[in-house]
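The values are calculated or read from the model by the stated rules, or taken from the named source; none is laboratory data. Note that the structure is predicted; figures quoted are calculated from it, not measured. Cβ placement follows ideal geometry from the backbone for every residue including glycine, while neighbour counts extend to all protein chains displayed.
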Amino acid sequence: MRMFLVLIIMVGLCSNVFADNAIEHLQNTSVTIKSGNSEGSGNIIVREIIVNNGKKEKINFILTAGHVVDDLRKVREIVDTDGTSKKIVEFNDASIIKEFRQDGRRVGETKLDAKVLKFSDSNDGEDLALLIILMHEFINEGIEFYLDDDIPSVGTEFFHCGSLLGQMGANSLTTGIMSQIGRVYKGNIYDQTTVTAFPGSSGGGVFIKTNDKAKYVGMIVRGSGETFNLMTPVRRIVKWTKNNNIEWVVNPKIPTPTLDQILKMPIEAGYNHQKTSSKKTEKEEEEKLIFMDEEHKQEWKQRLQTQLNQGEVK
């Protein structure tokens, strides 16, 4: 009996250690991304990269949704000496806001610039983007990805950390479960989760508890109400990184290129996506789910109010 009580106490202590360490880590790696009229979420990835002086430094990258940064995209046309013209796609830098907390209270924030390295749009792409923070070694430890072959089962507990309603909700932590696997929406495959999310959550990570760590299993991109949310599953993100020759982003065991090579990568190259057929028309589906970024907050509020008025949401 005494041994049984000791075992219960030890399990409880381990759970508390996980909760404290995991929550602090998730909040430390979560940022708000500001781009034009949009505010969304992102998570920091840290990799050791050879920089220009030949030394290795810890460079910080951010994974987010493509629609969070599409306001930064611009296309200009140039004319070559032979008279032919071509279009060049460029991106302005995004603003990254990192909030600092101590003993459960906000103690300040910092603002950094980040460059868009890879972009796939939300209409006919994967709705993913990779950014690089221009300041080297901002933080030393980033998120880890869930790379197991087994997909978490329905009912598995998840955590979401993001900027709910934009910067005012920075570092918000919510919980939920995997509510369905393999939803098809506008030809893409998503997993459905009940983690609470609001406009501003787009691009923010969803995490699973594994031993003493929380690992990234997906990215919030669309939703309808607080707890009906679609996330881009990590298996799709891994496929996107492979198609773009940036698998080192999700897998630290893959050798990384130099910083110079990374900065010279084409932003929109390597797209090789085939849509899955869907029974519903795009118009019908578009009426149900919206992007979960701050730019669409008013639309989300109006839709929720309509549902309340009609008795669909209580």
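Couple of notes before you dig in:
- Phe61 vs. criteria part of a strand (DSSP E or B), touching a strand residue (DSSP E or B) at 6+ places or on another chain (Cβ under 9 Å) and at pLDDT 85 or above: yes
- Contact annotation: residue pairs with Cβ atoms under 7 Å, 6 or more positions apart or on different chains, pairing a residue in the stretch 78-105 that is free of Cβ contacts under 8 Å to residues at least 40 places away in the same chain and within 17 Å of Gly162 (Cβ to Cβ) with a partner that is assigned to a strand (DSSP E or B) and small (Gly, Ala, Ser), are Phe100/Gly108.
- Counted residues, the stretch 71-93 - those being of a type outside the set (Gly, Ala, Ser), farther than 16 Å from Ser120 by Cα and assigned to a loop (DSSP other than H, G, I, E, B): 5
- Strands (runs of 3 or more DSSP E) enclosed by the stretch 104-214 - at least 2 residues per element that are among the aromatic types (Phe, Trp, Tyr) and surrounded by 19 or more Cβ atoms within 10 Å (Cβ to Cβ): 157-162
- Flag if Glu226 is within 16 Å of Ile44 (Cα to Cα) and without any contact (Cβ under 8 Å) to a residue 60 or more places away in the chain: no
- Residues considered: Val75, Val51, Val68, Val46. Of these, the only one that is free of Cβ contacts under 8 Å to residues at least 60 places away in the same chain and hydrophobic (A, V, I, L, M, F, W, C) is Val75.
- Flag: Glu137 matches the condition of being touching an Asp or Glu at 6+ places or on another chain (Cβ under 8 Å), touching a residue at least 40 places away in the same chain (Cβ under 8 Å) and within 25 Å of Gln27 (Cα to Cα).
- Yes/no for Ile97 being within 30 Å of Val51 (Cα to Cα), surrounded by fewer than 20 Cβ atoms within 10 Å (Cβ to Cβ) and at pLDDT 90 or above: yes
- Matching residues, the stretch 237-264, being touching a residue at least 60 places away in the same chain (Cβ under 8 Å), more than 17 Å from the chain's Cα centre (by Cα), under 12 Å from Lys118 (Cα atoms) and part of a helix (DSSP H, G or I): Ile262, Leu263
- If you check Ile88, Ile44, Ile78, Ile59 for being of a type in the set (A, V, I, L, M, F, W, C), within 23 Å of Phe207 (Cα to Cα) and either within 16 Å of the chain's Cα centre (by Cα) or surrounded by fewer than 15 Cβ atoms within 10 Å (Cβ to Cβ) (or both), only one passes: Ile44.
- Whichever residue in the stretch 215-227 is modelled with pLDDT of 90 or more and surrounded by fewer than 24 Cβ atoms within 10 Å (Cβ to Cβ) and, among such residues, is nearest to the chain's Cα centre (by Cα): Tyr216
- All positions within the stretch 174-227 that are farther than 16 Å from Cys161 by Cα and of a type in the set (A, V, I, L, M): Ile181, Val184, Ile189
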